[in-house]
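For reference, the structure discussed in these notes is given below.
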Amino acid sequence: MSLVDLHVAEFMKHLEVARAASKNTLKAYAQDLAALAAYLEPQNVPLLKVTHLHLRGFLGQQSLDKAASTRARQLAAIKSFYRYLVRRKVIEVSPARRVKTPKLPQRLPRAVPIDETFAIMEAPDTDQLLQLRDKAMLEVLYGAGLRVSELCGLSLKDVDLRARMVRVLGKGNKERLVPLNEGAVEAINAWLVRRGELLAKPRPKQDPQAMFLNFRGGRLTTRSMQNHLDRYVKQLGITRDVSPHALRHSFATHLLASGADVRSIQELLGHASLSTTQRYTAVSFEQLQKVYDDAHPRA
């Protein structure tokens with residue numbers, strides 16, 4: 001292993017242990033640093049000899065086929081790597097300090113209308129075992145506003161049906177407690193009655209502790225969850241793009257429209273920054289006008 005490879009490996013270990021980075025973050029950062037190294041290789045420039053001009057050239061090349069959000073993440077990985085090297089006194093100054101993050105478009109969350117959301121919740125045929133599972137998953141995903149990775153990561157011990165509460169392990173391994181509504185509790189109870197059928201026949205990679213199982217008895221993946229959701233959306237004839245994250249957006253948007261305060265929504269979503277949650281406060285002028293007319297004493 002070369003000295004540069006050793007520094008990269010130590011940096012990745014630092015992210016995993018000290019920063020508690022998720023598997024997706026670790027994978028993305030490793031790919032980003034590998035892409036930078038591949039760009040520098042024809043120029044015979046090692047990672048430890050990079051200048052801000054090399055980094056700008058790399059990001060310029062990436063702009064040909066990468067979205068601004070991807071380039072922003074790549075630069076975040078690069079900046080984090082060189083900050084780490086500075087702290088370790090491997091280099092004196094980060095070459096990335098003078099490189100500006102690509103300007104990102106301000107995108108508002110796309111919420112699914114309430115009637116369509118409810119239709120999706122009711123779409124699974126609960127006489128079928130796997131659709132009974134899907135019903136419970138959809139109710140928890142929307143009802144608790146979880147990230148799809150958080151949903152698939154749930155284990156039996158994380159759910160307290162008596163207290164109507166779920167313990168969620170979010171980004172950065174931060175735990176939070178989120179309440180469950182009655183519909184979610186009922187759907188989980190119905191699923192748990194038959195869940196054991198998927199574990200009756202011993203198979204490789206089974207996970208008896210996972211809350212949501214695939215047909216082999218293993219933990220359901222985020223990709224599978226997306227596929228199941230896509231099937232119900234198509235079945236209902238809904239033409240808009242409905243992802244698991246769109247249901248999380250809908251959870252927050254619908255709460256806000258019903259009068260919930262932003263800080264409470266922040267806690268429920270597990271956002272580290274209030275500014276992230278405040279994206280949901282962008283509402284139409286018509287809604288603002290209605291709130292004004294209903295609430296202002298001089299309206």
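Take LYS23 and decide whether it is touching a residue at least 24 places away in the same chain (Cβ under 8 Å), within 26 Å of the chain's Cα centre (by Cα) and exposed (fewer than 11 other Cβ atoms within 10 Å of the Cβ). I'd like the intermediate steps shown before the answer.
Values: touching a residue at least 24 places away in the same chain (Cβ under 8 Å): no; within 26 Å of the chain's Cα centre (by Cα): yes; exposed (fewer than 11 other Cβ atoms within 10 Å of the Cβ): yes.
Criteria not met by LYS23.
Which of the helices (runs of 4 or more DSSP H) found entirely inside segment 114-175 contain at least 2 residues meeting this: touching a Lys or Arg at 6+ places or on another chain (Cβ under 7 Å)?
129-144
Within segment 102-114, identify whether any single residue is over 30 Å from ALA18 (Cβ atoms), free of Cβ contacts under 8 Å to residues at least 60 places away in the same chain and surrounded by 14 or more Cβ atoms within 10 Å (Cβ to Cβ), and answer yes or no.
No, segment 102-114 contains no residue that is over 30 Å from ALA18 (Cβ atoms), free of Cβ contacts under 8 Å to residues at least 60 places away in the same chain and surrounded by 14 or more Cβ atoms within 10 Å (Cβ to Cβ).
Do we find that ALA282 is of a type outside the set (Phe, Trp, Tyr), modelled with pLDDT under 70, in the same structural domain as GLU139 (by TED's automatic domain parsing) and exposed (fewer than 14 other Cβ atoms within 10 Å of the Cβ) in this structure?
yes
Among the candidates SER22, SER80, SER69, single out the residue that is in contact with a Lys or Arg (Cβ under 7 Å, 6 or more places away or on another chain) and within 30 Å of GLY145 (Cβ to Cβ). Steps first, please.
Details: SER80 fails: in contact with a Lys or Arg (Cβ under 7 Å, 6 or more places away or on another chain); SER69 fails: in contact with a Lys or Arg (Cβ under 7 Å, 6 or more places away or on another chain).
On inspection, the qualifying residue turns out to be SER22.
Is it true that some residue in segment 225-232 is assigned by TED's automatic domain parsing to the domain that holds ALA184, more than 21 Å from ALA184 (Cβ to Cβ) and outside any helix (DSSP H, G or I)?
No, segment 225-232 contains no residue that is assigned by TED's automatic domain parsing to the domain that holds ALA184, more than 21 Å from ALA184 (Cβ to Cβ) and outside any helix (DSSP H, G or I).
Please verify whether LYS89 is within 23 Å of THR25 (Cα to Cα), among the basic types (Lys, Arg), exposed (fewer than 12 other Cβ atoms within 10 Å of the Cβ) and modelled with pLDDT under 95, treating the condition exactly as stated.
no
Name the residues in segment 176-193 that are in a helix (DSSP H, G or I) and among the polar types (S, T, N, Q), would you?
The one that is in a helix (DSSP H, G or I) and among the polar types (S, T, N, Q): ASN189.
The values are calculated or read from the model by the stated rules, or taken from the named source; none is laboratory data. What you are looking at is a predicted structure, and each value in this text was computed from that prediction instead of being measured. Here Cβ is always computed from backbone atoms with ideal geometry, including for glycine, and neighbour counts include all displayed protein chains.
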